[in-house]
Structure formats: structure tokens, C-alpha cells
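Asker: Here it is, the structure in full.
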Amino acid sequence: MPTPPATDTGTPEPQGRSLTDPSFHRELTRFRQSRLTDTTAYAMRREIRGGSSLFDAWNHHINAALTLAESRGRELALEELHTAATQATTPRTREALGLLAALYGLGLTERDAAWHLAHGTLTPHQVTRIPTLLEALSTRVLPYADLLVDGFGLTDELLRAPALRPGLTDFHA
């Protein structure tokens, strides 16, 4: 199938970009979302022009639609994290949320690294560095864990799996 025309503003250039920069991950996420939207819409229009009903075209592309919905949710979450980091009122909170945004963005990029590599938005060198950078960012976020847990209002019930509660020895090896 031919590639549909892209409606995005351009392919993010990977050269010289930092994988710890949340704005780079926002660009990557937006670009992927745009390409997925274009490709899915193009495929559905083509199928409908070929005589399929809208219902059949939708059903044939339901997996792509689910991927789009999931991708959009992640894009919105990344945008909100970035906004929260830039609007934080204290330097400590700004640093914590900025690191969390970088960690989340890098995790999204890792998840879709093959796609980005195939579309030229990441280099092979960048892809191989992702696990090391994730580990480094995790270490940098760790001192802010209590601040983030409190800030997001996470309760012990949300943070603790039942298998980790004392007295539930059946779950432990």
C-alpha cells in the first residue's frame, strides 16, 4: 500500500537531540500520532472507495484505531506532565516533575523505538542508549519519590500490591 501524504509539520531530526529532553519526546510522540492517524485514515478511505462499508472498513482497522487511542492518551499524559513541570511554583517541584516527564517520555520512546528507528526519527545509537538513560533517569528521580507520591495523592493501597503485604506468605517464593 502506498504511503499516505503526511499532515504533520515535519519529521523530528534525531541528530544532536538529547534523549533526556522531554520536548524531543513530545515531538516524537506527536509525529508518531500524526503518521498513525494519516495511515489509518488513508487505509480506511481506500477500502471504502473500493466498495467496503464504513462499518467493514472500521472493523478491518480496529487494531490501528486502538493503537491510535492508546497513543493519543500517552501523548496527552506527556503534554500534561510537561505543563505541570513548567508551571511548578518551586524549583524542587519543577525539577522533580521535569525528571518525571523525561523518564515517562523516554519510556514511551523505548516502547516505540523500532517504529521510530524505521521512520528515521531515532538513530541506532540513540536506541541502544535508551536502557542506560532510563536507569540514570530513574536514579535521578528517586530522591523525589516522596514528593511525587504526596503530590499525586497516591495512597498505600495504590502503591502496594496485595502480594507484598505481611502475612501473605503464599505469594512469596
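Asker: Where q = 0.11, 0.20, 0.24 Å⁻¹, what log10 of I(q)/I(0) comes from the Debye formula for segment 29-117, counting one point per Cα?
Answerer: Treating every Cα as an identical point scatterer, log10 I(q)/I(0) equals -0.44, -0.91, -1.10.
Asker: Using a Förster radius of 22 Å, what is the FRET efficiency between ARG72 and SER52 based on their Cβ-Cβ separation? Nearest 0.05, please.
Answerer: On the way: r = 25 Å, r/R0 = 1.12.
With R0 = 22 Å, the Cβ-Cβ based efficiency is 0.35.
Asker: State, to one decimal in nm², a quarter of the convex hull surface area for the C-alpha atoms of segment 64-105, i.e. the direction-averaged projected area. Don't jump to the answer; show the numbers that get you there.
Answerer: Values: hull surface 10.4 nm².
Averaged projected hull area, Cα only: 2.6 nm².
Asker: Could you compute the FRET efficiency for HIS60 and LEU117, with r as their C-beta to C-beta distance and R0 at 25 Å, rounded to 0.05?
Answerer: After rounding to 0.05, the efficiency reads 0.40.
Asker: Okay, next question. Using only alpha carbon pairs under 8 Å that are at least six residues apart, calculate the relative contact order of the chain and give it in whole percent.
Answerer: Once normalised by length, the contact order is 25 percent.
Asker: If you don't mind, there's one more thing I want to ask. Please list the radius of gyration and Dmax for the chain, considering alpha-carbon atoms only, with Å as the unit.
Answerer: In order Rg, Dmax, the Cα atoms of the chain give 20.1, 62 Å.
Asker: If you plug each phi of segment 83-98 into the Karplus form 6.51 cos²θ - 1.76 cosθ + 1.60 with θ = phi - 60°, what whole-Hz ³J(HN,Hα) values come out, in order, with x for Gly and Pro?
Answerer: 4, 4, 5, 6, 9, 4, 8, 10, x, 5, 5, 4, 5, 4, 5, x
Asker: On C-alpha positions alone, give me the angle between the axis of helix 124-141 and the longest principal axis of the chain, in degrees, nearest 10.
Answerer: So the inclination is approximately 30 degrees.
Asker: Here's another thing I want to ask about it. Not counting ligands, DNA or RNA, and with a 1.4 Å probe, what is HIS116's accessible surface area in Å² rounded to the nearest 10?
Answerer: Taking all protein chains as shown, HIS116 has close to 10 Å².
Asker: I need the calculated FRET efficiency for the pair GLU135 and ARG45, taking r as the beta carbon distance and R₀ as 41 Å, to the nearest 0.05.
Answerer: It comes to 0.40.
Asker: Taking only protein heavy atoms and a 1.4 Å probe, what accessible area per residue, in Å², does the chain have with all protein chains in place?
Answerer: Values: 10650 Å² over 173 residues.
Heavy-atom SASA per residue in the chain reads 62 Å².
Asker: Starting with the highest mean, order 31-44, 97-110 by the number of other Cβ atoms within 10 Å, averaged over the residues of each peptide.
Answerer: 97-110, 31-44
The values are calculated or read from the model by the stated rules, or taken from the named source; none is laboratory data. Values in this document were obtained by computation on a predicted structure and should not be read as measured data. Glycine also receives a Cβ, built like all others from the backbone with ideal geometry; neighbour counts cover every protein chain displayed. Remember, those area values only see protein heavy atoms, side chains included, never the ligands or the DNA or RNA. Shrake-Rupley method; radii C 1.70, N 1.55, O 1.52, S 1.80 Å.
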